[in-house]
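Scroll down for the structure; my scribbles are underneath it.
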Amino acid sequence: SQTIHQWPATLVQPVGSPLSLECTVEGTSNPNLYWYRQAAGRGLQLLFYSVGIGQISSEVPQNLSASRPQDRQFILSSKKLLLSDSGFYLCAWRTSGGAETQYFGPGTRLLVL
Amino acid sequence: AQSVTQLGSHVSVSEGALVLLRCNYSSSVPPYLFWYVQYPNQGLQLLLKYTSAATLVKGINGFEAEFKKSETSFHLTKPSAHMSDAAEYFCAVSESGGTSYGKLTFGQGTILTVHP
């Protein structure tokens, strides 16, 4: 069966510090991968998606970037965090094509102080 | 472009009462529609999805939803609420077609409270 992991689970970082959040998927090949952010009291906003290694599409301009160095690894990064980057970050995967369901990881809670 | 509107950011029901969470969507092509549930500090779990087959979709935990094209709605219902149903619920839409890459657009969410 497929599983998705995210780490760390919780992170407290000072403004201006770098960020690296990692997401890995097991039990599938060539998945579509997604990063979402959920800010307090708001819905989920799609940040990035990837349909293959090295292929990243950004949905909103922002202080963050994403990379996919391996087939089942998706990384969310920032060089300098802003207060507004605080939120709950969710990674998701799905089998490419059709009406396949997106499956979500457990999330990373980021607090920027 | 696609969008989702969830009517009511908070819904409160008594245990055993009907649960009705409303979702309206906008999509320029035939949509795929999803309902997810989120418990505090956890990821999202799929409840059910509509993918152009039967318009009445049954999901996990006794939930179901009906796709009504004429009303552009996909409301979530459960005949009898349980305390364990207390959570936040998200409706999402994805456009059919290869160029959408399965991207989901979410509603703002509805927090369901269940009173004993």
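The values are calculated or read from the model by the stated rules, or taken from the named source; none is laboratory data. All figures in this text were calculated on a predicted structure; none of them were measured in a lab. We place every Cβ from the backbone using ideal geometry, glycine too, and count neighbours over all the protein chains shown. Areas reflect the complete protein model, heavy atoms only, side chains present, ligands, DNA and RNA absent. Shrake-Rupley method; radii C 1.70, N 1.55, O 1.52, S 1.80 Å.
Positive end of the charge dipole of the protein assembly as shown (Lys, Arg +1 and Asp, Glu -1 on Cβ, about the Cα centre): tell me which of B:45, B:16, B:105 has its Cα farthest that way.
So the residue furthest toward the plus end is B:105.
What does the accessible area per residue of the protein assembly as shown come to in Å², with a 1.4 Å probe and no ligands, DNA or RNA counted?
The answer is 46 Å² per residue.
Taking loop as defined by DSSP and a crowding limit of 11 other beta carbons within 10 Å, which trypsin sites (Lys or Arg not before Pro) in region A:56-113 fit?
A:79, A:80
For peptide B:24-36, compute the average count of partner chain beta-carbon atoms within 10 Å of each residue's beta-carbon.
Mean shielding by partner chains, rounded to a whole number: 1.
Ignoring ligands, DNA and RNA, what percent of the accessible area of region A:1-90 is carbon or sulfur (1.4 Å)?
Result for region A:1-90: 52 percent of the exposed heavy-atom area is carbon or sulfur.
Accessible area lost on pairing A with B, both sides, 1.4 Å probe, Å² to nearest 100?
So the total buried area for this chain pair works out to about 1600 Å².
Based on the Cβ-Cβ distance from residue A:55 to residue A:20, what FRET efficiency comes out when R0 is 22 Å, to the nearest 0.05?
0.65
Obtain the nm distance between the two label points defined at residue A:83 and residue B:12 by a simple spin-label model: each point lies 7 Å from its Cα along the Cα-to-C-beta direction.
With each label point 7 Å from Cα toward Cβ, the separation is 3.2 nm.
Given the protein chains as shown and a 1.4 Å probe, how many square angstrom of residue A:4 are accessible, to the nearest 10?
30 Å²
Of B:77, B:55, which has the most accessible area with a 1.4 Å probe, and how do the rest follow in descending order?
Listed by decreasing accessible area, they come as B:55, B:77.
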